[in-house]
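Please treat every number below as a calculation from the coordinates, not as lab data. All values reported here derive from a predicted model rather than from experimental measurement. Glycine also receives a Cβ, built like all others from the backbone with ideal geometry; neighbour counts cover every protein chain displayed.
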């Protein structure tokens, strides 16, 4: 009977296309909003992504999110280094600074200072064959290529800018993850950053720790916290803490939730109404099938098959439009503002969601099919 | 089997069916007693609203009766649950409807194959069998045509093919000629009689159309929810009926 169900479906082209358009629209809305939401939430812990190598982040307490760090005393570095299981520990400077560009304009940037000796924790990707040692050049800084182009006046290696009145020489370009605030990221050495930033009593933002081989990072975090009274997180842990801080303390999730729910409602409304109309228009024929021996289960299966087929087709089209929209966004948006992502997990979640939507939308149809008296054929 | 040796295909005893409640109750079937024999074409006639279609529906098992007993080839319909009854209908009852009820999205041969598909036949086999049936009905050249492309008479022939393709023991037809002109109506009923009536099968036709009465073996006249009398018009022999 699957054959009959599908022929009935595609035979009524107006409704068939109507259902698919409804589902495609809902898929597009849901997946697009999810893509932006995930991209935005990922950016909340962008700094964690942008500091490579260390396993553990040690911060002063209390710490709500990775952009809200209370400076530590320099002594803490040695206390952390002394804890068993720590292979190495280094300082990280983090501060917002004013950068004066060549055209005289100012741009607020995020200045990250890496421990002078090892320079560990640098950007995840360095471009054009540059190494982290480029920071050892006098006044050297590394800047993100996309930000350099979009927000730092197209500055190039070999050119200079002023950070809080201090000369900084761009010695290389790198690629970083977007930050939530959208601030260009500048890497330099810890001592240089500390000199350039406004003077404070303590300037150590984070102690970055590498665990010894065989050490469980989570266990080491607990040990550090117990012995120092500080907070210690694995890389995933601090990203997660920041993520959930934004989830709980900002209106971002609720706003996206509203938009995604609207997308789902559009899908349910259009698909449900059209599917119901489709089933209602075919009740006489479904009654004839029932009279001819089709059981309720067979008819329910037929309606569900019709719903799922239209759901999958609509989903495919919707996700295709979403992908095309993402390509357009990539093409027309400056790299430093490309928040949206396009993940297979989002496609899968949207797909499962759409199947639930069409099944939910077909419930009204199913009720009318099950309640249908086969004697309707003689009326 | 009755005393004349006819196999009783359908046995109705004191069958009652009402619609509505309280003062608005309508006793569609007051007390129907009727035997339909295998090998006969019985026409149910009577004025509008007398209960013909209701009786046809309860006999075919698509409407539950309130009281009395109906046995179809020995099977008590009330003893079957909904799904069992649906399966019983699928195997044993063929339907032809007043408005044909052909699925507009299916071709002629696909429509005729529907009862076989309901029974779970493989599509290819079902379509082959339906194609052979339509060939016998003179529609061999219109297998791929959609209902909208066919005349009323051709559509009714597809409906008959659909009613017969799975070799049911009982065929029920509701006003099969009402949507057809006189000549076409006679042609399709002639075809129905030729193909449907067999010693092991009963055919019941509800009709107002007196022009096709001569195709019947018996006519049962209904009034006010009762069979008032039956008339033998063909070769069937029954006990104590008008001849």
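Put in order of Cβ neighbour count within 10 Å, fewest first, the listed residues A:244, A:344, A:57, A:88 become A:344, A:244, A:88, A:57.
Angle of helix B:123-136 to the longest C-alpha principal axis of chain B, folded into 0 to 90 degrees and rounded to 10: 80°.
On a 0 to 90° scale, report how tilted helix B:82-92 is relative to the longest principal axis of chain B, with both axes built from alpha carbons and the result rounded to the nearest 10. Roughly 70 degrees between the two axes. Averaged over the residues of B:85-92, the number of partner chain Cβ atoms lying within 10 Å of the residue Cβ comes to 4. When the square roots of the Cα gyration tensor eigenvalues are ordered a ≥ b ≥ c, the ratio a/c for region A:73-229 is 1.5 or more and a/b exceeds b/c, which makes its shape prolate. Each part gets one Cα centre, and for region A:248-307 versus region B:77-151 those centres are 28 Å apart. Taking every DSSP bridge with both residues inside region A:73-229, close to 70 percent are antiparallel. Using a cutoff of 8 angstrom between alpha carbon atoms and counting only pairs six or more residues apart, the relative contact order for region A:142-269 works out to 16 percent.
Counted by neighbouring Cβ atoms within 10 Å, the residues B:186, A:95, B:110, B:149 run from fewest to most as B:149, B:186, A:95, B:110. The alpha-carbon positions of the protein assembly as shown define a convex hull whose volume is 233 Å³ per residue. Relative contact order of chain A, taken over Cα pairs closer than 8 Å and 6 or more residues apart, is 30 percent.
The mean number of Cβ atoms from other chains found within 10 Å of a Cβ in peptide B:105-111 is 3, as a whole number.
When chain A is treated as a Gaussian network with alpha carbon springs shorter than 10 Å, the biggest mean-square fluctuation among A:62, A:157, A:184 belongs to A:62.
One Cα centroid belongs to region A:365-379, the other to region A:1-72; the line between them spans 41 Å.
Give the shape of region B:33-191 as rounded, prolate or oblate, defined through the alpha-carbon gyration tensor: a ≥ b ≥ c are the square roots of its eigenvalues, a/c under 1.5 means rounded, and otherwise the shape is prolate if a/b is larger than b/c and oblate if not.
In terms of gyration-tensor shape, oblate.
The value of relative contact order for region A:73-229, using C-alpha pairs under 8 Å at least six residues apart, is 35 percent. Post the alpha-carbon centroid distance, region A:195-209 to region A:216-240, in whole angstrom. With region A:195-209 and region A:216-240 each reduced to a Cα centre, they are spaced 20 Å.
How far is helix A:2-11 tilted, in degrees, relative to the longest principal axis of the Cα atoms in chain A, given as a value from 0 to 90 rounded to the nearest 10? The answer is roughly 90 degrees. Using a Gaussian network model of chain A with C-alpha springs under 10 Å, which one of A:24, A:325, A:205 is most mobile by mean-square fluctuation? Of the options given, A:325 has the highest mean-square fluctuation.
Helical runs assigned H by DSSP (4 residues or longer) give the protein assembly as shown a calculated mean residue ellipticity at 222 nm of -14000 deg cm²/dmol, each run adding -39500 (n - 2.57) before division by the residue total. Arranged from fewest to most other beta-carbon atoms within 10 Å of their beta carbon, A:176, A:171 become A:171, A:176. Beta-bridge orientation, the protein assembly as shown: approximately 65 percent antiparallel, per DSSP, counting only bridges with both partners inside.
Going by the alpha-carbon gyration tensor, a ≥ b ≥ c the square roots of its eigenvalues, is region B:122-193 rounded (a/c under 1.5) or, if a/c is not under 1.5, prolate (a/b greater than b/c) versus oblate? Cα axes put region B:122-193 in the oblate bin.
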